[in-house]
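Data first, discussion second: the structure below is written as structure tokens.
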Amino acid sequence: MARYYDAFGKPFFFKFDPEHAHALAVSGMTWLGRVRPLCAILERLHQLPPSAHAPVDFCGLQFPNAVGLAAGFDKNGTAWPAAAALGFGHVEIGTVARYGQEGNPRPRVFRYPSEEAVINRMGFNNEGAEALARRLARLPGPGRRAIPLGINLGKTKVTPMAKATEDYLGSFALLADHADYVAINVSSPNTPGLRELQDAAWLEPLLRALVEANAARVAAGKPRRPLLLKIAPDLTFGQIDAALTVIATLGLDGIIATNTTLARPGFFHDVDQAGGLSGRPLRRRSTEIVKYIARATNGRLPIIGVGGILDEASAAEKLDAGATLVQLYTGLIYRGPLFARDLAFALAARQQKF
């Protein structure tokens with residue numbers, strides 16, 4: 001299937017501005033998700049059969065395979081019902097903020113095909129948590145989906161740092177009922193000041209408030225939602241240690257490593273575009289951080305590995321480094337709509353060899 005995408009799909013999509021191409025892909029998945037009989041057929045074709053691979057256990061949830069769609073693709077939760085039909089084992093929607101916002105001025109997405117990379121400075125363009133909650137309320141909820149659904153929460157740009165916790169809590173209150181797990185994004189480089197929330201002085205009260213809100217759900221008779229922190233690849237190991245201490249103290253469920261990078265290695269040294277770099281140049285650093293976290297926590301903290309996954313080898317190295325699940329987004333741009341299916345089958349075959 002990859003060769004057909006290289007021959008026909010990629011030349012078609014690459015004719016368009018990257019953000020326009022992205023909108024076309026989201027629209028196509030949204031349409032597919034509405035045709036449930038077709039989705040059901042494709043799910044049977046593109047999901048691993050039980051005989052090929054046991055479900056992956058992660059944070060108390062079961063995933064049909066280890067490959068997920070990362071946050072950033074489906075910001076407004078319209079396309080995710082088709083993700084299982086394309087072979088994904090889970091999908092993370094968002095990043096969603098408490099209040100809708102336009103994001104940064106265009107152009108704000110830039111492809112670099114020779115490097116299999118993307119720079120984006122979207123800036124959390126989304127319709128807001130309330131609009132997303134209304135949309136999800138009309139669709140199957142947790143326990144009634146083909147694959148788990150994560151919801152990625154970020155801060156509204158106009159919300160001052162002093163009220164960041166209130167902003168996240170508002171989104172959590174609106175969306176927790178609809179999520180299988182909740183990711184807390186404090187690591188996007190495209191919202192001014194957001195990455196400061198990774199510092200322990202900001203991070204501890206934010207995560208504590210969300211943990212307490214989660215406990216209040218249980219006290220009210222609602223199910224607890226696994227909470228995962230998404231971190232940047234640009235943190236030092238000392239900063240990662242500080243974040244891990246907060247996670248351990250508060251009992252967070254897992255970590256997502258990593259978001260996009262502000263680094264500009266090699267080819268990108270002279271590229272004058274602000275934003276987060278993703279794709280192949282991020283591969284080594286994100287794997288390094290996954291390995292560091294796994295060793296620092298003695299493998300006790302569940303990890304989703306993200307960054308530079310463009311083939312079986314780059315996915316397998318994240319799993320070998322200590323991740324339980326992987327996510328991709330840029331790989332979808334360069335490998336096509338069935339990349340997740342191909343990757344899930346390849347990883348399952350690899351596992352059976354060992």
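Bear in mind these aren't lab numbers, they're just calculated from the coordinates by the rules spelled out. None of the values given here were measured: they were computed from a predicted structure. With ideal geometry, Cβ positions are generated from the backbone for all residues, glycine too; neighbour counts draw on all protein chains shown.
Summary table
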item	result
Alpha-carbon centroid distance for the pair the stretch 20-36 / the stretch 264-323, whole angstrom	28 Å
Residue-wise HN-Hα coupling along the stretch 111-127, computed from phi with Karplus coefficients 6.51, -1.76, 1.60 (Hz; x: Gly, Pro)	8, 9, x, 5, 9, 6, 9, 9, 10, 10, 9, 4, x, 6, 5, 6, 7
Charge context of Leu347, other residues only, Cβ under 13 angstrom, K/R +1, D/E -1	-1
Protection proxy ranking, peptides 237-248, 12-23, average beta carbon neighbours within 10 Å, highest first	237-248, 12-23
Whichever aspartates and glutamates have a C-alpha closer than 19 Å to that of Lys222, once near sequence neighbours (fewer than 8 apart) are set aside	Asp177, Asp180, Glu212, Asp253
Ranked Met29, Met161, criterion: other C-beta atoms within 10 Å, fewest first	Met161, Met29
Relative contact order (percent, whole number), the stretch 231-304, Cα cutoff 8 Å, 6+ residue spacing	40 percent
Helical segments meeting 18 Å axial Cα length and Kyte-Doolittle 1.0 threshold in the chain (DSSP H)	237-250
Farthest toward positive dipole pole in the chain [+1 Lys/Arg, -1 Asp/Glu at C-beta], among Phe58, His269, Leu169	Phe58
Dipole in debye (nearest 20) - the stretch 2-353, about Cα centre, beta carbon charges: Lys, Arg +1; Asp, Glu -1	680 debye
Amide hydrogen neighbours beyond the local backbone of Val186, cut-off 5 Å, H modeled	Lys230
Kirkwood hydrodynamic radius of the stretch 192-312, from inverse mean 1/r over distinct Cα pairs, in Å	15.6 Å
Vicinal HN-Hα couplings computed from phi for the stretch 178-186 (Karplus, 6.51 cos²θ - 1.76 cosθ + 1.60; Hz; Gly/Pro x)	9, 9, 7, 8, 10, 9, 9, 9, 10
Normalised contact order of the chain, rounded percent, pairs of Cα under 8 Å and 6 or more residues apart	18 percent
Distance between the stretch 179-199 and the stretch 201-250 - C-alpha centres, whole angstrom	11 Å
Candidate values [x] 76, 19, 16; [y] 32, 24, 19; [z] 27, 24, 22, label of the one derived for semi-axes √(5λ) of the Cα gyration tensor in Å	[z]
